[in-house]
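The values are calculated or read from the model by the stated rules, or taken from the named source; none is laboratory data. All of these numbers come straight from a predicted model, not from anything done at the bench. Backbone-built Cβ (ideal geometry, glycine too); neighbour counts: all protein chains shown. The accessibility values were calculated without ligands, DNA or RNA, using every heavy atom of the protein model including side chains. Shrake-Rupley method; radii C 1.70, N 1.55, O 1.52, S 1.80 Å.
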Amino acid sequence: MSTSMNPQNLPVAVIGAGPIGLAAAAHLLARGETPVVFEAGSNVGAAIREWGHVRLFSPWRYLVDREATALLEPTGWHMPNPEALPLGRDLVEEYLEPLAAHSMIAPTLKLSTEVLTISRRAHDKMKDADRAQAPFVIRVRCPDGGEAEFFARAVIDASGTWRTPNPLGASGVTALGESDTAERIAYGIPDVHGASRKRYAGKRVLVVGSGHSAFNVLLDLAELAKHSPLTAITWAVRRTNAGQLFGGEQNDALPARGALGARARKLVDSGAVRLLSMRVARVQSTPEGLLVSGEDGEIVGPFDEVIGATGFRPNLETTRELRVGLDAALEAPTALAPLIDPNVHSCGTVPPHGAEELKHPEPNFFIVGMKSYGRAPTFLTLTGYEQVLSVVAALVKDWEAARNVELVLPETGVCSTDAGGGGGCGSSANEITPASVVSEAELLVATPRSVSVLAGFGVDTDVLPVLQASACCSAVAQTTCCESSAKDACCGTTGTTTSSTCGCQ
């Protein structure tokens, strides 16, 4: 194969067989393209299976992609009750597995196949000549442990961030002793009512992190403590005062998400959870348990277990030989970063974006889904579906469709000021009422403000009117619209454009 060959007849590589990756495959097929989907896990939705005990508080109708649904419906598949709230494992078993078994999707899947590197054939990062004409080379570890290479004309990286949690250390690196005590530290959201019950029941547990995933863990542990009274819960956050620690609460357009912060506040106020301010610097194992030290020298403990609910970050090692343009702080695509900065934006105030904002100096390489947000915790699945719609349209040179990205996202009522916190939307399996939220938000989606959904949570819908999107603008209250003189006519008083057809951003 010539290194300067036209790669247009090669497939498009998709990395990750979660909701966003499989949606990308469905959109490619709908456009007449051939996808090949690499999944490191032995099954589709491998990351979701690890939090299968978590219940989403978004109904089914917001958890499926349009092109994926178009593939499934002719097979006799029916969406579960559109207003029902599935567990993570329900999302896998009732949506992702049928999609993966579809006669058009199944042949594209390469399971238990871990992507190790992505490069251009015979071109290292420094080489310019004919670079765009050289095919991508995807080097993988095969199910048998050997390595192989695949060629592709384009790459859509939807691999997510679940495998790379942020460390406990406040400096962005592992705390001293964190690696040495790894067997007593868990990251994410352990199933404390199921598989991990014995590990935490009756134990002294420290939870580190101030995002929604931390809320989730605290609420689960507090429920566990009702049955195992010796369970002692300590919560360490970096903030020196509560401030916006508990999120938007009653100001959140998603009542379940708002109620989550309110419930966490009650745990602290009641004394069920001990809250302390600490920037973790060291974890030390002693005969009495783990001692945790702060940057100021304060030592707390001993603890039997530590749970890091500190968010996630992208693994960028696979793209070392590609020309990837990332923001220095967020590690998100350069054009996207200012639109999602958690110091400014919450989930609901992120403007619509697509291929233009996701592109890199490396032609035909795109990062989508949670990984596209780098270290920002504000990603929602609905955004990911729109991302792949736009990216696939760009790959087939349908520029109008690529630019016409439209989203109506829910406001959280507060912007995050700690990018290490969690984002996303979901609740514990043992709570059907508003509860917990998981931080791997690439797998979840928040529900746009809907009277029927709000009523399901017992919210007074008379005081929460449904905002209607015009043909030009979203229903999300953001800042500006088009020219200021045209704002009222175009978007009303609190809108922002959703489509390039308005000529506004």
**OP:** Collect the residues in the range 185-207 that are outside any loop (DSSP other than H, G, I, E, B) and under 18 Å from residue 163 (Cα atoms), keeping them in residue-number order.
**Re:** 185, 186, 187
Original post:
Within the range 16-57, which residues are under 20 Å from residue 151 (Cβ atoms) and out of contact with any strand residue (DSSP E or B) (no Cβ under 8 Å at 6 or more places or on another chain)?
Top reply: 31, 32
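Could you pull out the residue among 429, 376, 337, 332 that is at pLDDT below 95 and open to solvent by 10 Å² or more (accessible area, probe 1.4 Å)? Steps first, answer last, please.
Values: 376 fails: open to solvent by 10 Å² or more (accessible area, probe 1.4 Å); 337 fails: open to solvent by 10 Å² or more (accessible area, probe 1.4 Å); 332 fails: open to solvent by 10 Å² or more (accessible area, probe 1.4 Å).
None of the other options fit; the residue is 429.
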Original post:
For the range 1-111, which fully contained helices (runs of 4 or more DSSP H) count at least 3 residues that are open to solvent by less than 20 Å² (accessible area, probe 1.4 Å) and in contact with a Pro (Cβ under 8 Å, 6 or more places away or on another chain)?
Top reply: 19-30
**OP:** Taking the residues in the range 112-142 that are closer than 27 Å to residue 50 by Cα and of a type in the set (Val, Ile, Thr) as candidates, determine which candidate is surrounded by the fewest Cβ atoms within 10 Å (Cβ to Cβ).
**Re:** 117
Original post:
Within the range 284-318, can you find the residues that are surrounded by fewer than 17 Cβ atoms within 10 Å (Cβ to Cβ), in a loop (DSSP other than H, G, I, E, B) and touching a residue at least 60 places away in the same chain (Cβ under 8 Å)?
Top reply: 295, 315
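How many of the residues in the range 237-292 are at pLDDT below 65 and on the phi > 0 side of the Ramachandran plot? Before the answer, list the steps.
The first filter runs over the range 237-292 and keeps only residues at pLDDT below 65, leaving 240-259.
Filter once more, keeping what is on the phi > 0 side of the Ramachandran plot: 243, 247, 249.
Number of matching residues: 3.
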